[in-house]
Amino acid sequence: MSNSKNFVPQGASSLWPFKVGTSRAYSGPPWNAHLLLGLGLAQAILGLQPTEPRESWRLLPRDLLAKLMHKEGAGKVHPSRAFVVSLIRKGETILDVGCGAGAGYEGFAGAGFGSLYTGVDSSEPSIEIARELYPDGDFRLGNATALVPQFGPASFDVVNVRHVLDHLPDFEPAMEQAISISRRLAVFVFFLTPRRLPFGVRKLDPGFNRPAFYTYIYSRPAINHFLMKAGMHWRWYDNLGVSRAGWFANEMNSALVVCRNPLGL
């Protein structure tokens, strides 16, 4: 179990953990950046955030899906991908949840886990592209919130859920499913690092990519509480490579590694 309950990006404040328009930001902030963050916080406090799925990936152009997460250092060379690969033991099977067009497969296959890899994504076009780009890979259509019905409990040694929870209206259903089908580890990689949020809110929409997708920053204490109630053991790893998320902070990728047995970590 990790004692890490807080995360504050470099230069931000623990009271308001967002630093707008820094030199490390992926893109420049819009003129209304502070207003967007304020609106997100107000919606969280008033309980006005959406609760239904909002998936637009299958509507994106095929050429964009084929390039997404393969370019600008976000592909197999990204430190957070190498970190996940380093956790896998020889002969272990891998489920890559939210595999998209297969960018993660390159890293796993390059480390010798290609034949032990299965990728799953809810976007039909992304799965089609992944099969075209990596014909040796096993890519399937599926949903992060319905993994147990599709694969069965404890069906993979390591379950990798990369950049998925940030896009969901709540972290619990997908996290519970990933943990249920993992035999040793469930790894959750965030591009919006969970942190202690103002006024104890559970999640905050910073206004990035609104309204096409959810882009939530979740409360790290809320995630820790959920895992503690479930009897899990976990550890947070921060600063795993620069995030391409947006303009609002010195964002870095982070990973949460969860297992039932502390010896698995």
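Overview of results
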{"quantity": "Ratio Rg/Rh, restricted to region 159-244 and using Cα atoms, in which Rh is the Kirkwood radius", "calculated": "0.94"}
{"quantity": "Student exercise, the chain dipole from Lys, Arg, Asp, Glu Cβ charges, in Debye to nearest 20", "calculated": "780 debye"}
{"quantity": "Cut-off under 5 Å, modelled amide H: who pairs with residue 139 long-range", "calculated": "119"}
{"quantity": "Using distinct alpha-carbon pairs, which all enter the 1/r mean, Kirkwood radius of region 157-201 in Å", "calculated": "11.4 Å"}
{"quantity": "Nearest-20 debye value, region 133-265 charge dipole, Cβ charges on Lys, Arg, Asp, Glu", "calculated": "340 debye"}
{"quantity": "Rg over Rh, two decimals, the chain (C-alpha only, Kirkwood Rh)", "calculated": "0.94"}
{"quantity": "Residue-by-residue Karplus 3J(HN,Hα) for region 156-161, coefficients 6.51, -1.76, 1.60, Hz, glycine and proline x", "calculated": "9, 5, 10, 10, 9, 10"}
{"quantity": "Unit charges on C-beta of K, R, D, E only; dipole of region 1-135, Debye", "calculated": "480 debye"}
{"quantity": "Among 178-191, 8-21, 126-139, 100-113, the order from most to least packed when residues are scored by Cβ within 10 Å on average", "calculated": "178-191, 100-113, 126-139, 8-21"}
{"quantity": "When the convex hull of its Cα atoms is projected in every direction, mean area for region 76-161 (nm²)", "calculated": "5.1 nm²"}
{"quantity": "Kirkwood Rh, Cα atoms: Rg over Rh of region 118-261", "calculated": "0.97"}
{"quantity": "DSSP bridge pairs, the chain: antiparallel proportion in percent, nearest 5", "calculated": "40 percent"}
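Coordinate-derived values only; no laboratory data. As the structure is a computational prediction, the values presented were derived from the model and not from experiment. Here the Cβ is made from the backbone with ideal geometry for all residues, glycine too, and neighbour counts use every protein chain on show.
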